[in-house]
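First comes the structure, then the notes that go with it.
The values are calculated or read from the model by the stated rules, or taken from the named source; none is laboratory data. The structure presented is a predicted model; accordingly, all values stated were derived computationally and were not measured. Every residue, glycine among them, receives a Cβ derived from its backbone with ideal geometry; neighbour counts consider all protein chains shown.
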């Protein structure tokens with residue numbers, strides 16, 4: 001009962017924060033992309049703080065020294081809603097590649113558009129890859145990092161999804177450094193679960209992968225091999 005109550009209090013707080021920051025993000029459209037991202041990430045910092053206060057859920061990061069000082073592409077394991085929040089507090093100003101349907105959500109979707117998120121139509125095939133490269137190159141040139149979840153959808157702990165080629169394709173075609181990320185957030189904030197379990201989420205940032213001279217398949221394989229090897233250790 002206490003676990004449910006803590007999770008409910010967290011939910012109410014996040015709902016209020018989301019309404020406030022979504023509105024703010026839309027209002028600051030005239031500002032440049034990096035400034036908009038920095039201001040909007042206040043939502044993530046507040047949410048992570050609220051999560052610790054209400055649900056006693058914290059996180060620890062190993063490998064911060066691996067974060068380069070220039071815009072990169074983050075390819076991250078996808079287990080939970082948690083990483084979509086926390087990555088904003090770990091990495092520099094960023095945007096995300098997401099299903100275009102998310103842009104249709106009232107207010108929140110408009111905020112995503114204001115932040116120049118990259119919408120993807122998964123049914124468009126090679127045309128979607130062309131648009132991803134065009135949009136991704138543009139965002140990187142603006143000084144933004146690009147965050148992609150190569151599995152596309154959240155996977156339960158111990159489950160391994162297909163690593164789609166999009167992120168590696170973007171990295172290879174723009175010759176952008178890739179930073180792989182593994183974590184075990186799914187053990188505490190489960191897929192489609194309302195409950196948030198107390199504990200400490202472990203996040204591991206891998207060594208940067210330079211993509212010059214690498215084909216997308218090779219980039220994808222290196223990322224997948226590293227992430228899944230780390231996941232074996234994180235899942236015990």
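For this structure, a couple of remarks:
- Members of the stretch 52-68 found to be within 30 Å of residue 175 (Cβ to Cβ) and either surrounded by 16 or more Cβ atoms within 10 Å (Cβ to Cβ) or modelled with pLDDT under 95 (or both), listed by number: 61, 63, 67
- Residues of the stretch 131-153 classified as closer than 27 Å to residue 190 by Cα and surrounded by 19 or more Cβ atoms within 10 Å (Cβ to Cβ), total: 7
- Sole residue being closer than 28 Å to residue 52 by Cα and at pLDDT 95 or above, chosen from 189, 226: 189
To keep it simple, each residue is scored yes or no on (1) more than 19 Å from residue 85 (Cβ to Cβ); (2) in contact (Cβ under 8 Å) with a residue 60 or more places away in the chain.
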{"position": "4", "(1), (2)": "yes, yes"}
{"position": "13", "(1), (2)": "no, no"}
{"position": "24", "(1), (2)": "no, no"}
{"position": "29", "(1), (2)": "yes, yes"}
{"position": "37", "(1), (2)": "no, yes"}
{"position": "48", "(1), (2)": "no, no"}
{"position": "53", "(1), (2)": "no, no"}
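- Of the residues making up the stretch 193-213, those that are outside any strand (DSSP E or B) and over 24 Å from residue 49 (Cβ atoms) are 206, 207, 208, 210, 211, 212, 213.
- Test: residue in the stretch 120-142 that is in a strand (DSSP E or B) and at pLDDT 90 or above: no
- Close pairs from the stretch 211-236: first within 16 Å of residue 161 (Cα to Cα), partner assigned to a helix (DSSP H, G or I), Cβ under 6 Å, at least 6 apart: 220/168
- Answer from 128, 171, 156 - the residue that is under 16 Å from residue 228 (Cα atoms) and either surrounded by 13 or more Cβ atoms within 10 Å (Cβ to Cβ) or in contact with a helix residue (DSSP H, G or I) (Cβ under 9 Å, 6 or more places away or on another chain) (or both): 156
- Residue pairs whose Cβ atoms lie under 9 Å apart, separated by 6 or more positions or on different chains, with the first residue in the stretch 191-205 and farther than 22 Å from residue 227 by Cβ and the second in a strand (DSSP E or B) and at pLDDT 95 or above, are 195/189; 196/57; 196/189; 197/57; 197/189; 198/57; 198/58.
- Leading residue by the ranking (nearest to the chain's Cα centre (by Cα)) among those in the stretch 175-192 that are assigned to a helix (DSSP H, G or I) and buried (at least 21 other Cβ atoms within 10 Å of the Cβ): 185
- Sole residue being crowded, with 22+ Cβ neighbours inside 10 Å and farther than 21 Å from residue 142 by Cβ, chosen from 77, 99: 77
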